[in-house]
1. At what distance in nm do the modelled label points of Asn352 and Phe240 sit from each other, each positioned 7 Å from its Cα along Cα→Cβ?
2. Tyr94 to Leu179: FRET efficiency via 1/(1 + (r/R0)^6), r the Cβ-Cβ distance, R0 22 Å, to the nearest 0.05?
3. Nearest 0.05, what FRET efficiency do Glu438 and Ala336 give at R0 = 56 Å with Cβ-Cβ as r?
4. For the pair Tyr343 and Asp162, how long in nm is the line joining their label points, each one 7 Å along Cα→Cβ?
5. Quickly work out the Met247-to-Ser13 label distance, labels modelled 7 Å from Cα along the C-beta direction, and quote it in nm with one decimal.
6. So how much accessible area does Ile309 have, in Å² to the nearest 10, using a 1.4 Å probe?
7. Once the stretch 207-365 is represented by equal point scatterers at the alpha-carbon sites, with solvent omitted, what log10 I(q)/I(0) does the Debye formula produce at q = 0.15, 0.16 Å⁻¹?
8. Per-residue HN-Hα couplings for the stretch 12-23, Karplus 6.51 cos²θ - 1.76 cosθ + 1.60 at θ = phi - 60°, whole Hz, x for Gly and Pro?
Amino acid sequence: MEIQKSRLYGTLSILMIGAFISFLNNTLLNIALPSIMRDLQIGLSTVQWLTTGFMLVNGVLMPASAFMIQKFSVRGLFLFSMFMFTLGTVCAGYSHTFALLLGGRMMQAAGGAVLMPLLMNVMLVSFPVERRGSVMGLFGLIMMFAPAIGPTLSGWIVEHFDWRMLFHFLWPISTTILLISIFVLKGTRQPSNVHLDIFSLVLSSIGFGSLLYGLSSAGNNGWDDPVVLAAIFIGIIVIFWFVMRQMRMKEPLLNFRVYAYPMFSLSSAIMIFMNMAFFSGMILLTTYVQNLRGISPLDAGLMMLPGAIVMAIMSPINGRLFDKYGGRVLSVIGLAIAAVTTYMFSKLTFENSYFYLTMLNTVRSFGLSMVMMPVQTNGLNQLPRRYYPHGTAMNNTLTQVSGAIGTALLVTVMSNSSDGMMARKMAEAGSALTPELEMKIAMESTLHGINLAFAWATAIVCVALALAFFMKRATPMESPTPGTHEHGQPHEQPGALSAAGQSARSLSNSSLPTQVK
């Protein structure tokens, strides 16, 4: 057992380090976009593809992660993912054209998309329910801390070095992880009977890709833009087609039957609303401190750092609290704190001190740290083992989609409100309008739009808070309808496993040591 434990912890350590690098990369490039625009002589609409394209690739590959986790071994899947991520990082670091930089960014996304669901699935099949809170707390430390320090690290690097150094410092680390994992990760996968439905993959690629593109473009081009409307409409129709196809399939690419389990459905709803407010709030706050207050990128990143440290410290603590008290208490308290602090952000002025903004963001981060992993873990705990890959794939897909929806919605609220107020005030000024007065009106209008968007974000958090009161401690269920399969067939007899169940059993027996108790 000690050998098995050391092997498991070695596997988890490698997976967590790889996931940390991948998560860090997600937010590392945002502050560097102006420098890239100047160096490569491209416009904002072009450079945005470095973030939009990254998000699109992640969103497209998330539904396929469940199949890949079932079909391939942990070792093989991790090695391939880290190889793609490293290759993309090298290409981006040595790029002198936008095409090569975008191609490298896409390869990074292709490699990193599977790492988070792979790590989460390994933890779910390796630890019993009563220990998952503590383990998922460590995972939360990575998921919350890495993206949060990205702006701070990026601001410092861009201020002192060329923007390519963002990639040059990453690829030696990812290469080292890749080489170590070749020797540390062991185990082979028993053959699995699951098959990839190519048409489902095409539908998910078109549907999620079109929807995410439309939503991410709405903030810049407006909701009435024909391309935005067409992309969103096509995305919704194709996703509906994709869902209907999955419900009829015996081995779906993304199993929507996980929503037959009420606690998983409730956790998904809470996470959707929370992600809408969380991701949009980061962009709104960055816009306020840099565009209106003139705070440098490095200082703006440092403002986020205390919140990241609090999240890192609280994540394992919240995991242990979850094991002891369950998810409802933590999520209700955390969402209440998030609602109050988000409301306070809707009252921003030009006189708010740097210390006040830092402390307010830190307290908000403290509240959010009590929500993310407890809510997700409680929902996943109700799923039977064969649904773990599908549950994690569903959660990660919804994170991308809900974050895009929230960002597009609230940025549009901010833009429309700012434009409307600016047009009214300029009309009132009439012939008395001077360049100085026009600048003042523009800044006041932007502040008004940011405050209104934060007010909308407060309402969204309050919806999540209301839903959190219905949470109950979840325990694994083997079938949503006693005595039947999800397909209406008789329940499988003991010892008879579905293909997904066989792969989950294979994952725990072949690629990993026995479950740690």
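The values are calculated or read from the model by the stated rules, or taken from the named source; none is laboratory data. Worth saying up front: this structure is predicted, and the values here are computed from it rather than measured. So basically every Cβ, Gly included, is an ideal-geometry build from the backbone, and we count neighbours across all protein chains shown. Note: accessible area is taken over every heavy atom of the protein model, side chains too, but ligands, DNA and RNA are not part of it. Shrake-Rupley method; radii C 1.70, N 1.55, O 1.52, S 1.80 Å.
1. Spacing of the two 7 Å Cα→Cβ label points: 4.0 nm.
2. 0.65
3. Numbers: r = 41 Å, r/R0 = 0.74.
Efficiency computed from Cβ-Cβ geometry: 0.85.
4. A separation of 5.1 nm, rounded to one decimal place.
5. 4.7
6. 80
7. At q = 0.15, 0.16 Å⁻¹ the computed log10 ratios are -1.06, -1.11.
8. 4, 4, 5, 4, 5, 5, x, 5, 4, 4, 5, 5
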